[in-house]
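The values are calculated or read from the model by the stated rules, or taken from the named source; none is laboratory data. What you see is a predicted model; the values in this text were computed from it and never measured. Neighbour counts are summed over all protein chains in view; Cβ atoms, including those assigned to glycine, are modelled from backbone coordinates with ideal geometry.
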Amino acid sequence: MIKKIGVLSGGGDSPAINAAIRAIYLKASQYGYKVIGIKNGWEGLVKGNIVELDRESVSGILGEGGTIIGTSRTNPFKIENGVEKVKENIKKFELDAIITIGGDDTNGVITRLTQYGIKGVGVPQTVDNDIAHSDYAIGSDSALEVVTDCLDKLHTTASSHSRIMIVEIMGRDSGWLALSGGIAGGADVILIPEVAFDYDEIVNVIEKRRERGKDFTIIAVAEGAKPAEGEEQVTASGAIDSFGHVQLGGIGNVIAREIEKRTGYGTRVVILGHLQRGGRPSAFDRIVATRLGAKAVELVHEGHFGQMAVMENGAITSVPLEKAIKEEKPMDQELYELSKLLH
């Protein structure tokens, strides 16, 4: 018997999380369920920090970026007695089910917690858009709009100064954002984590463009991209989060130094960073988030726990959480091949 649903957002934030929270509240209210916002991701269930959502708290948040309940990269399995505290607080607050909004890490926690009898449903949310069986994760389309807009603007300054502009884009293991944004924003070279890059090939594109009278080049690179020589991702620092991920960043600067050394051409780097997470969600993102939030509540209502609400092949459906978390989302090979034609 469902009476109370807890909802949390974990990991990196993105636009349209609030749209999902709003849909979860409205759909749950239709069934007569209360919705409890768990503050700052899994940290809220470890520390017992919650807030009951009501009509007023979700009013007007459809177009607001970020998340009204906060987020963090907390992993209760890495905290002493973390899982026990989560179980105690779920019992204390009488939560009958948990809806988690996040990527592999956040949804991976609820997947593991099902082994302890905790009922949960996941919703995919990541600008990387790297969750298996999910066409679009919440936040990815809005981030794509930001990347495209930035690339559009960089064309004029690159052209004016006859420069090479390198744009570093989010994407630890998946190049979806760099690839899609690079194509939409007219990048001449696109570098992604799935395919190690060759400096000779990059220089060749630059020189061939110059032969055609194009004395500038735009390079879109995912932060997790790796050179063929070395095959190592560039790290911003030695910092490692509670899920074992090292902080990436700086590959743009590495590439810039190498290109300047090989060509002598002026090269500049723009690291988009958290701009990709901020701002108002796109119309498409708002619709996807609303549909996935409502679907998650339907799964809870029907007792289909251990599932993730997804858009797959254009349809709103669900897949087992474990399947979505463990499988890798394949790179769009056709899109990648297309990108190599667009120098």
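Of all residue pairs spaced 6 or more apart or on separate chains, none has beta-carbon atoms under 6 Å together with a first member in segment 169-190 that is closer than 16 Å to residue 328 by Cβ and a second member that is assigned to a strand (DSSP E or B) and of a type in the set (Ser, Thr, Tyr). Among the numbered conditions (1) at pLDDT 95 or above; (2) more than 18 Å from residue 321 (Cβ to Cβ); (3) not assigned by TED's automatic domain parsing to the domain that holds residue 193, the only one that residue 80 does not meet is (1).
The number of residues in segment 211-228 that are β-branched (Val, Ile, Thr) and either farther than 20 Å from residue 148 by Cα or not assigned by TED's automatic domain parsing to the domain that holds residue 198 (or both) comes to 0. Among the helices (runs of 4 or more DSSP H) confined to segment 254-343, the ones with at least 3 residues that are basic (Lys, Arg) and either modelled with pLDDT of 95 or more or surrounded by 15 or more Cβ atoms within 10 Å (Cβ to Cβ) (or both) are located at 283-301.
Checked against (1) among the polar types (S, T, N, Q); (2) outside the structural domain of residue 118 (by TED's automatic domain parsing); (3) touching a residue at least 12 places away in the same chain (Cβ under 8 Å), residue 313 passes all but condition (2).
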